[in-house]
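Step one of this worksheet: look at the structure below.
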Amino acid sequence: GSAHFYLGKIYQLEKNFREAAIVFGEGVQKFPKSIKAAEMYYELSKSLKEMDKIPETCKTLTLLEQNYIDNKFAKDPEKIKTDLNCNFN
């Protein structure tokens with residue numbers, strides 16, 4: 001899980017948001033119990049936002065809130081979702 005996280009961060013630094021999203025997405029699927037899982041969801045949402053994939057960003061933030069409610073990375077999504085005008089249906 002940590003390897004996926006850091007590889008994704010490298011792609012983000014290179015502004016290769018598509019590859020970052022792929023790596024973070026794989027990371028959260030393969031390693032949902034990883035110490036970096038919540039942070040990977042958060043970074044995945046940031047990469048998706050950079051690619052203007054707003055519905056996917058909103059869904060990812062919702063999953064982060066639902067699956068990692070006590071994690072510090074689950075504290076910001078509500079504000080971000082409001083800023084993005086996420087549909088709360």
Fill in: Selected residue (criterion: nearest to Asp76 (Cα to Cα)) from residues of segment 14-63 that are out of contact with any helix residue (DSSP H, G or I) (no Cβ under 7 Å at 6 or more places or on another chain) and among the acidic types (Asp, Glu)
Asp52
Item to complete: Could you run through segment 61-73 and say how many residues are of a type in the set (A, V, I, L, M, F, W, C), closer than 15 Å to Lys33 by Cα and open to solvent by less than 90 Å² (accessible area, probe 1.4 Å)?
Response: 3
Practice prompt. Name every residue in segment 19-41 that is exposed (fewer than 13 other Cβ atoms within 10 Å of the Cβ) and of a type outside the set (A, V, I, L, M), in order of residue number.
Written response: Gln29, Lys30, Lys33
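The values are calculated or read from the model by the stated rules, or taken from the named source; none is laboratory data. Everything quoted here is computed from the prediction, not taken from an experiment. Cβ atoms come from the backbone with ideal geometry, glycine included; neighbour counts cover every protein chain shown. When the accessible area is computed, the model is the full protein with side chains, heavy atoms only, and any ligands, DNA or RNA have been set aside. Shrake-Rupley method; radii C 1.70, N 1.55, O 1.52, S 1.80 Å.
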